[in-house]
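The block underneath contains the structure these notes are about, expressed in structure tokens.
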Amino acid sequence: MTYLWIDANVILRFITGDPPEMAVKTLKLMARAEKGDIGLRVSPWY
């Protein structure tokens, strides 16, 4: 499986849906992760 590192802002875009054009991209990314095509990772470091 391919893992992608994402920034916490990606999660915020998913939750808030704002701005809309970024939220659409985030929804597609989350859908791929839900299907198991990719795994998503968030770094615990600042």
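Read-outs: derived from the displayed coordinates by stated rules, not from any lab. The structure presented is a predicted model; accordingly, all values stated were derived computationally and were not measured. Neighbour counts run over all protein chains shown; Cβ positions are idealised from the backbone, glycine included.
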*Which of the residues spanning the stretch 19-46 are over 18 Å from TRP5 (Cβ atoms) and β-branched (Val, Ile, Thr)?*
VAL24
*asked:* Looking only at the stretch 2-36, how many residues end up being free of Cβ contacts under 8 Å to residues at least 12 places away in the same chain and part of a loop (DSSP other than H, G, I, E, B)?
replied: 3
*asked:* Considering only residues that are hydrophobic (A, V, I, L, M, F, W, C) and either surrounded by 10 or more Cβ atoms within 10 Å (Cβ to Cβ) or touching a helix residue (DSSP H, G or I) at 6+ places or on another chain (Cβ under 9 Å) (or both), which ones fall in the stretch 16-46?
replied: MET22, ALA23, VAL24, LEU27, LEU29, MET30, ALA31, ALA33, ILE38, LEU40, VAL42
*Sort out which residues of the stretch 37-46 are outside any strand (DSSP E or B) and touching a Ser or Thr at 6+ places or on another chain (Cβ under 9 Å), and write them in order of number.*
ASP37
*How many residues, within the stretch 1-30, are of a type in the set (Gly, Ala, Ser) and more than 9 Å from the chain's Cα centre (by Cα)?*
2
